[in-house]
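Report on the following structure.
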Amino acid sequence: MKALLESSISWNSIKKHPKDSYRYYVRQAVIEKDTNILSLEVGLNFMPKKSDEDRFKLILCSEFPQIKAAEVKLYYMEELPEEAETIRPVSKAPTGNNGKDKESIKRKGQKYQESPITGNRVLGKKISEPSVRISEILSKEEGVTVEGMIFRKGSRNIKDGKKLVNYLITDNSDSACVKVFVSGKKWEQMDALLNEGDFIKVRGTVSYDSFEGADVIKARDIEKIDAALCEDKAEDRRVELHAHTKMSAMDGLADVQELIDTAANFGHKAIAITDHGVVQAFPDAAKYIKEKKLDIKIIYGLEGYLVDDEQIPEGGIPVEKGLDSKTAQSYHIILLAKDKEGLKNLYKLVSHSHLDYFYRKPRIPKSLLRTMRAGLIIGSACEAGEVFQGILKGYTEKQLKKCWIFTIISKFSHCKTTGF
Ligand SMILES: [Zn+2]
């Protein structure tokens, strides 16, 4: 108790004691039989910080796994009874443990040896059983094995230079908090080996952690594993003809390099880069496949904002009606450069859309596209495309055909992501 309390107090924030003696008195310590909840009241002759209570709770629960939760109260007592014990400030600074770092630590009453990291084995024994999805793990499960990507890691000083390490991992079915106690030296090795974005396989015990307020996995064994790569197993591989990079404002998160790598790993022969209204990803894309000597073709494209500035008389030739209304609805459209001429036209359209027709978005009038459509393959884009909007608006076949006038490829390209 004494040592646990000493390591829980944030001594740096405690003023030097006038009597030069910090003392504590346990006023109550009860473990409820049925619930295994510990109630602890500790009086101190100095003012502890509120957060010290939480730290003390965490340390107690970790040191005594049989406790389900702890209700802890640390408070100031003007006068302490005779039997109050003295506690000493402990230095919390990571001092490298003055060479006193122990290779083995005590846990659950039994000593277990901390072996150095070998190969992929970070901690404990080799894990041979397959892992389950994180979403499928149960509360209070023993010997559970999961794997996932680390998206956050951290450590806290506990005592004697020991560290409480936690990793937040996800396997995209759910996420979990993995905790483990290690020596300071072991943490240094783990910290160097495992970073955010790395994948680990973990075997441990699931139990409720009152500090986290959630179930956590207390790890016994940890292995570093290769990223679980997504594969395209289709016999006849597809080619993505509508893909956004970070250059699409509010519509893309991937670097163009990541996108190309993914398509190349899938064994795709080509990938279209179709950012919203812009073509800034092209130089990076071209440079990347050249440098990496990747066997994949870039289809240079664009997801444009098409505005209808035409009137088509019955059976007649379309006539321009102008773009007087700034609020004219724009529709998404996919333009893919088939050849050099198409690429040139694409660049011209991007320039005009920004310089001459920009209103909130770089818009492309239909009449302009009509004059510059050589070498371009035109697709209907997503649900914000004219064709699909027409269907939603209940257009007749005749009306739809007018939309289709430009469209060669029709596809529900955003079906999955936008929920249409
Ligand atoms: Zn779109």
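Derivation of every value follows stated rules applied to the coordinates shown; laboratory data play no part. For clarity, every value in this text was computed on a predicted model and none was experimentally measured. A quick note on method: Cβ atoms are made from the backbone with ideal geometry, for glycine too, and the neighbour counts reach across all protein chains shown.
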Can you work out the Karplus-derived ³J(HN,Hα) for every residue in segment 246-263? Use 6.51 cos²θ - 1.76 cosθ + 1.60 with θ = phi - 60°, whole Hz, and x for glycine or proline.
4, 6, 8, 4, 6, 9, x, 10, 8, 6, 4, 4, 4, 4, 5, 4, 4, 5
Helix 281-292 sits off the longest principal axis of the Cα atoms of the chain, rounded to the nearest 10 on a 0 to 90 degree scale, by 70 degrees
Segment 2-87: Lys pairs at Cα distance under 16 angstrom, eight or more positions apart or on different chains:
11
Under the rule of at least 5 residues apart or a separate chain, name every residue whose amide H is placed under 5 Å from the amide H of Asp209.
Ala214, Asp215, Val216
Of all DSSP beta bridges in the chain, antiparallel share, percent nearest 5:
75 percent
FRET efficiency (Glu32, Val132; Cβ distance; R0 41 Å; to 0.05) is 0.80
HN-Hα J in Hz across segment 234-243 - Karplus 6.51, -1.76, 1.60, θ = phi - 60°, x for Gly and Pro
5, 5, 9, 6, 7, 10, 6, 10, 8, 9
What angle, in degrees between 0 and 90 and rounded to the nearest 10, separates the Cα long axis of helix 340-355 from the longest principal axis of the Cα atoms of the chain?
70 degrees
Report Rg (one decimal) and Dmax (nearest whole number) for the chain, counting Cα atoms only, units Å.
31.9, 105
With respect to the cross-link table entries Lys126/Lys153; Lys246/Lys393; Lys269/Lys292, which display a Cα-Cα separation exceeding 26 Å?
Lys246/Lys393
Put a dot 7 Å past each Cα toward the Cβ at Asp215 and Ser115; how far apart are the dots in nm?
3.0 nm
